[in-house]
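Trainee: Here it is, the structure in full.
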Amino acid sequence: MRNITKVIIVVILVLIIASASAGYVLLNKPAAQIKTLVVAAESGPDSLDPAITSSTPGWGVVQQIYQTLVAYDNSSVTSFVGMLASSWTVGPNGLNYTFNLRQNVTFSNGNPFNAYVMWYSINRAMLLNGSEAFVLEQNLNTSVSPSFLNDTTNFINPNASALAVMESNVNSVYVVSKYVLRIAVGGGYNGPYYYPYFLQTLTAPVAAAVDPSFVNSNGGVIPNQPNSYLSDNALGTGPYLLGQWIKGDHLTLTKSPSYWANNLSASKLNNAIAPAKMNVDLEFPGTVSSAIADMKSGSAQMMGFSFSPTISSALSGISNVAVNKTPIIYGATQGAWYLFFNLTAPYFNNTDVRAAVVHALNYSAIINDAFGGNAAQWVGPVPPGFPDYNPSNITPYSYNLALAKQEMSSAGYPNGLPGSFPFLYINSPDFASAVVIIKSDLQQIGINISLQGVTQTQWYAITSYPGGSSSYSIGIDFYTADYVAPDDYTWEIAAPGGSPSQLTTFGGQGIDPTSGNISINSTYFGNTSGPLNQLYYLISDATSNTSASGRTADYTAMTQIAYNNYLFDWLVVPYVFSIYNKGLHGMVFNPMGSAYPNFVMFYNTEYYT
């Protein structure tokens, strides 16, 4: 789950939307008249180390400097193009991927890229075991020693002994030859199973190539510990170099004069590897009003800020700025919001009480009054726009106060619940308005909540393992995609490991904070009686099901189980908007894009006239 420091609610972003079919044509446009693209951004990266960054601003910068084996193809989230891989094949059982790597690729310091470097990079990321390491560790394993990684000679000119280590299939990643790498899926905590969304995981920064010489000359690899030098400095194979980073003020990206793809013919390029057309200057003006002023004056061509939806109307009046609503999947990757229940807590372990909550909420009022109409209801746990979303087209929960009161009576509480319940939420403009509506609605059925708004930083501290699960019986939760796959959501929403409800849902098992492994209570996992156990079983089965129809059947069943038992109250997915200077062209829009403006994967194709 990425820490979305730039978005909590409806996000206004500044970009031009290029269709997938037209995206690559833009590479052949003339050079920009303006040489530097200026972005009015809300915040800077958390880290520049691709193995460590876990924030959307961090991903947005890192993906310009570092490169992965594959990338999403234009606007698609299901098809891919090669970045550092020129081609790949998948074994008949789906457990083995063989990547043919591009030759003549170098880092910006001139050091070569090859299979030894890629082997190093993936194993390093798993040894560092940052918060995003699970993206790899769910399918891969490593037993490589840090001392082997810290010996740079093993990767510059490996001897027979070093080659034997890298060519061994004891680990999930192994070298076939200098420019061929094989990855065996099934060695991670998901178990020895096929994983249908493996290529999606390889698009994340945690799977990027880093230069062993650069790392080992600046602190090396220490297991379970970030490299402080790489947090503030960057050197990759990508089209941009890190220019200047003054934290809290600005960060610049400059076109790399030695970029390996600078002299490739157009026929050999794709949007992910094209040379950069413009330098990029991320300015951090500090306030929304300053950013808007920059857009009005034309001094900034894009803007990435957290906004109240009502601000979009004000931005629509700027003559040189266009405003467009994006498809719902873009909102879903940034945050699908829901009401969580601590299912072991008194009262909320009662199905009728949860049903009453679900039917007491006026969803139309929440959408219209809190979000200005710029949100949509959904039915989880898979978010809208993702594969296998709500396969049987279940109708979202509806507001029915009479039914809610009847359900409270059926639960044995016709006069409501005693006492008051702390209600956790992130104190953002839109949800501050939404929770007022929720509080009023719940009072009508005799459930009193005390609103406890926290900052995003505080929220993450509360909901991280082991969290403060005993303190909250109810509250608002959300999840942000690391890659577009249904299980990326279902594991985190319905299975242990993240929120106040998740940690107690299945008897206390969760993700071990040291090893990153899931600690499964075999009593729960092996027993498929009861809605919680059924849900957990289906999530696990869908993750490894080799049949597309079988996965759809799993997601259909888990959606119905969660819905019929009121395990969660699926609230809203806020829409996001594209806002851009009309002179800006060449952007390639993707739901998983993290660059400013939001939902752009790479700046390299952009130009301004």
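The values are calculated or read from the model by the stated rules, or taken from the named source; none is laboratory data. Everything quoted here is computed from the prediction, not taken from an experiment. Here Cβ is always computed from backbone atoms with ideal geometry, including for glycine, and neighbour counts include all displayed protein chains. Surface accessibility is based on the protein's heavy atoms, side chains included, excluding ligands, DNA and RNA. Shrake-Rupley method; radii C 1.70, N 1.55, O 1.52, S 1.80 Å.
Trainee: For a distance above 18 Å, tell me the whole-number percent of Cα pairs in segment 80-230 that qualify.
Mentor: 54
Trainee: Need the full-extension length gain, Ala365 to Ser549, defined as separation in residues times 0.36 nm minus the C-alpha distance. One decimal, nm.
Mentor: Contour length minus Cα-Cα distance gives 62.5 nm.
Trainee: What full-extension length gain, to one decimal in nm, is calculated for Ser168 and Asn448 as 0.36 nm per residue of separation minus the Cα-Cα distance?
Mentor: Between Ser168 and Asn448, full extension yields 94.8 nm more.
Trainee: In addition: Test of understanding: what is the full-extension gain from Ser145 to Ser316, defined as 0.36 nm times their sequence separation minus their Cα-Cα distance?
Mentor: Here the answer is 56.0 nm.
Trainee: Right, something else. For Ser540, Ser147, give me the order by solvent-accessible area with a 1.4 Å probe, most accessible first, ignoring ligands, DNA and RNA.
Mentor: Output order, biggest surface exposure first: Ser147, Ser540.
Trainee: Taking R0 as 35 Å, what FRET efficiency do you get between Gln456 and Asn233 from their Cβ-Cβ distance, rounded to the nearest 0.05?
Mentor: 0.85
Trainee: Sticking with this structure for a sec: Could you work out the helix-only [θ] at 222 nm for the chain, with each DSSP H run of four or more residues adding -39,500 (n - 2.57) and the total divided by the number of residues, to the nearest 500 deg cm²/dmol?
Mentor: -7500 deg cm²/dmol
Trainee: Report the Cα-based extents of segment 345-390 along its three principal axes, largest first, to the nearest Å.
Mentor: 34, 30, 14 Å, listed from the longest principal axis down.
Trainee: Express in whole angstrom the spacing between the alpha-carbon centres of segment 215-257 and segment 81-98.
Mentor: If we compute the Cα centre of each part, the gap is 29 Å.
Trainee: Calculated FRET efficiency, Ser87 and Asn415, Cβ-Cβ r, R0 60 Å, to nearest 0.05?
Mentor: Calculated transfer efficiency: 0.30.
Trainee: Each label point is 7 Å from the Cα along the Cα-to-Cβ direction; what then is the distance between the points at Ala293 and Leu403, in nm?
Mentor: My value for the distance between the label points is 5.1 nm.
Trainee: Let me ask something else. With Cβ to Cβ distances under 9 Å as the rule, what net charge do the other residues near Val358 carry (K, R +1; D, E -1)?
Mentor: Summing Lys/Arg as +1 and Asp/Glu as -1 gives -1.
Trainee: Could you work out the Kirkwood radius for segment 234-323, taking every pair of different alpha carbons, averaging 1/r and inverting it, reported in Å?
Mentor: Every distinct Cα pair counted, the radius reaches 15.5 Å.
Trainee: Another question, then. If the only charges are +1 at each Lys and Arg Cβ and -1 at each Asp and Glu Cβ, what is the size of the charge dipole of segment 70-205 around the Cα centre, to the nearest 20 debye?
Mentor: 200
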